[in-house]
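Working notes, beginning with the structure itself.
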Amino acid sequence: MTAQAIDFTSGLTAMGFLTSALFFLRFWTRARDGLFLAFAAAFALLALEQGVGTWFNAIREEQGWVYLLRLAAFLVIIVSVIRKNREAPR
């Protein structure tokens, strides 16, 4: 693939992640459930990771610091699901 095609695909992926973040943020405003807010934050981090990776051309393995954003997004999801499962039923 050419560099323009990779940038275009990364932009589409980032847009999809941001759309998902807004989708979960809308659910959070209605339900006030922290799990929805965590998913919104995680998808925003994934969008940021796509944008930063494209901006700095971090496709090579030696520039793996960008993937720490992806790790943070998954940790947010894992922690929020564990916290949600530990809550007392209402």
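FYI, it's all coordinate maths here, none of it is from the lab. Keep in mind it's a predicted model, so treat the numbers as computed, not measured. Every residue, glycine as well, gets a Cβ built from its backbone with ideal geometry; the counts of neighbours run over all protein chains shown.
Under a point-charge model restricted to the Cβ atoms of Lys and Arg (+1) and Asp and Glu (-1), what is the dipole moment magnitude of the range 3-86 relative to its Cα centre, in debye to the nearest 20? Write down the numbers at each step before the final one.
Numbers: 8 positive and 5 negative charges, 121 e Å.
In total the dipole reaches around 580 debye.
Please give, to one decimal in nm, the separation of the simple spin-label points placed at Phe8 and Ala88, each 7 Å out from Cα toward the Cβ.
Distance between label points: 5.7 nm.
Can you compute the label reach from Ala72? Point 7 Å from Cα along the Cβ direction, backbone N cut-off under 13 Å, restricted to the range 1-43.
Once the point is set 7 Å along Cα→Cβ of Ala72, 41-43 turn out to lie under 13 Å by backbone N, inside the range 1-43.
At a 10 angstrom cut-off on C-beta neighbours, averaged per residue, how do the peptides 12-20, 46-54 rank from highest to lowest?
Working: 12-20: 15.6, 46-54: 20.1.
Listed from highest to lowest mean packing, they are 46-54, 12-20.
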